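What follows is a single structure, written as structure tokens, with notes after it.
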């Protein structure tokens with residue numbers, strides 16, 4: 001398996017909607033062996049799930065996260081290489097008066113240092129990061 005795409009939280013969450021975007025579902029299926037998630041996204045997914053009250057819905061989400069996401073997608077860490085790139089980008093952006101959210105910088109860094117395409121619905125959250133390739137699968 002060669003990983004090509006790093007998925008943001010909103011892309012994974014799309015699959016749980018009552019009427020998910022068909023383009024997104026098609027791209028996920030077509031590229032299923034090339035998908036990964038960054039550790040901060042894994043955290044966001046679990047945190048969102050654990051905040052829900054015990055219910056049938058929460059159980060279904062937990063099962064999806066464990067049996068589909070965790071079972072089929074590697075979780076890429078925010079490691080020392082990511083931290084170095086992120087620190088450099090934060091300094092560059094801060095000098096220009098831009099301060100993107102820290103977690104977005106972590107996700108961008110993981111994509112950059114692993115040469116992955118970041119798939120998100122929030123293109124604007126990543127537009128200031130240099131050399132990060134970003135795609136929105138709703139529009140492709």
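The values are calculated or read from the model by the stated rules, or taken from the named source; none is laboratory data. Source: prediction; values computed, not measured. A quick note on method: Cβ atoms are made from the backbone with ideal geometry, for glycine too, and the neighbour counts reach across all protein chains shown.
Could you tell me how many of the residues in the range 126-135 are surrounded by fewer than 19 Cβ atoms within 10 Å (Cβ to Cβ) and more than 14 Å from residue 7 (Cβ to Cβ)?
Residues meeting the conditions: 4.
Using the structure shown, decide if residue 37 is under 21 Å from residue 83 (Cβ atoms) and either touching a helix residue (DSSP H, G or I) at 6+ places or on another chain (Cβ under 7 Å) or assigned to a strand (DSSP E or B) (or both).
Answer is yes for this residue.
Only one of 102, 129 is in contact with a helix residue (DSSP H, G or I) (Cβ under 9 Å, 6 or more places away or on another chain), in contact (Cβ under 8 Å) with a residue 24 or more places away in the chain and over 26 Å from residue 26 (Cβ atoms); which?
Of the residues listed, the single one that is in contact with a helix residue (DSSP H, G or I) (Cβ under 9 Å, 6 or more places away or on another chain), in contact (Cβ under 8 Å) with a residue 24 or more places away in the chain and over 26 Å from residue 26 (Cβ atoms) is 129.
Please count how many residues of the range 78-90 are touching a helix residue (DSSP H, G or I) at 6+ places or on another chain (Cβ under 6 Å) and assigned to a loop (DSSP other than H, G, I, E, B).
The number of residues fulfilling the criteria is 1.
Considering only residues of the range 78-102 that are surrounded by 12 or more Cβ atoms within 10 Å (Cβ to Cβ) and closer than 15 Å to residue 124 by Cβ, which is modelled with the lowest pLDDT?
100
Among what's in the range 108-126 and is in contact (Cβ under 8 Å) with a residue 24 or more places away in the chain and part of a loop (DSSP other than H, G, I, E, B), pick the residue that is nearest to residue 88 (Cα to Cα).
Looking at the filtered set, the residue picked out is 114.
In the range 6-26, which residues are in contact with a strand residue (DSSP E or B) (Cβ under 8 Å, 6 or more places away or on another chain) and assigned to a helix (DSSP H, G or I)?
Once the filter is applied, which keeps residues that are in contact with a strand residue (DSSP E or B) (Cβ under 8 Å, 6 or more places away or on another chain) and assigned to a helix (DSSP H, G or I), the range 6-26 yields 11, 12.
Out of all the residues in the range 52-69, is one or more surrounded by 16 or more Cβ atoms within 10 Å (Cβ to Cβ), in contact with a helix residue (DSSP H, G or I) (Cβ under 7 Å, 6 or more places away or on another chain) and closer than 16 Å to residue 8 by Cβ?
Yes, the range 52-69 contains a residue that is surrounded by 16 or more Cβ atoms within 10 Å (Cβ to Cβ), in contact with a helix residue (DSSP H, G or I) (Cβ under 7 Å, 6 or more places away or on another chain) and closer than 16 Å to residue 8 by Cβ.
From the residues in the range 16-31 that are in contact with a helix residue (DSSP H, G or I) (Cβ under 7 Å, 6 or more places away or on another chain) and either surrounded by fewer than 14 Cβ atoms within 10 Å (Cβ to Cβ) or free of Cβ contacts under 8 Å to residues at least 60 places away in the same chain (or both), which one is farthest from residue 106 (Cα to Cα)?
Selected residue: 20.
If only one of 93, 46, 65 is in contact (Cβ under 8 Å) with a residue 24 or more places away in the chain, more than 19 Å from residue 4 (Cβ to Cβ) and part of a helix (DSSP H, G or I), which one is it?
Within the list 93, 46, 65, the selection yields 93.
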